[in-house]
1. Within the chain, how many Lys pairs that are eight or more residues apart, or on different chains, come under 25 Å at the alpha-carbon?
2. Find which of Ile30, Gln68, Leu104 sits farthest along the positive direction of the dipole of the chain, computed with +1 on the beta-carbon of Lys and Arg, -1 on that of Asp and Glu, about the Cα centre.
3. In nm, give the distance between the simple-model label positions of Thr60 and Lys86, each being 7 Å from the Cα along the Cα-to-Cβ direction.
4. How large is the helix-only mean residue ellipticity at 222 nm for the chain, computed as the sum of -39500 (n - 2.57) over DSSP H runs with n ≥ 4, divided by its residue count, in deg cm²/dmol to the nearest 500?
5. Please give the net charge around Arg48, taking every other residue with its beta carbon less than 14 angstrom from that of Arg48, where Lys and Arg add +1 and Asp and Glu add -1.
6. Summing +1 for each Lys or Arg and -1 for each Asp or Glu, what net charge is found among the other residues whose Cβ lies under 14 Å from the Cβ of Ser77?
7. Rounded to whole Hz and in sequence order, give me ³J(HN,Hα) for segment 59-65 from the Karplus expression 6.51 cos²θ - 1.76 cosθ + 1.60, θ = phi - 60°, writing x for Gly and Pro.
8. Counting pairwise Cα distances across the chain, what percent come out greater than 17 angstrom?
Amino acid sequence: MKPIEKKKTVSERRHQALNLRKQGYSYERIAQILKYKSAQAAYESVARELQKTYIESAETFRSLVYWQLEKLKLQYSPRAISGDIKSAMIVVKIITQEARLYGLMGQKH
């Protein structure tokens, strides 16, 4: 792989470092390719990108779960408001799950 020919943003560089690592490149080689000062700097860049990827994945998952819960809540809310006890209990459970999802309640023991 050729050395970088144009200046990349920090984010682009980290992303490229992670991709190289996934392909099996050593941190020393990644440092050479992407012009990091050392293998340690390449390692830290890959670690930061992995952390960012993990956080983004968790946020995406949390968002998907939230919208699934919202869809269920919208389905049961009209019946709950009309006095259907089972539907009301389901809505309360959904709201509880949403609160847990966003860390607003402690974990159930």
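Throughout, read-outs are computed from the coordinates displayed, never taken from laboratory work. As the structure is a prediction and not an experimental result, all values here were calculated from the model. All Cβ positions, glycine included, derive from the backbone under ideal geometry; neighbour counts span all protein chains shown.
1. 28
2. The Cα lying farthest towards the positive end belongs to Ile30.
3. About 3.7 nm separates the two model spin labels.
4. Mean residue ellipticity, 222 nm, calculated: -25500 deg cm²/dmol.
5. 0
6. Summing Lys and Arg as +1 and Asp and Glu as -1 gives +2.
7. 5, 5, 4, 4, 5, 4, 4
8. 66
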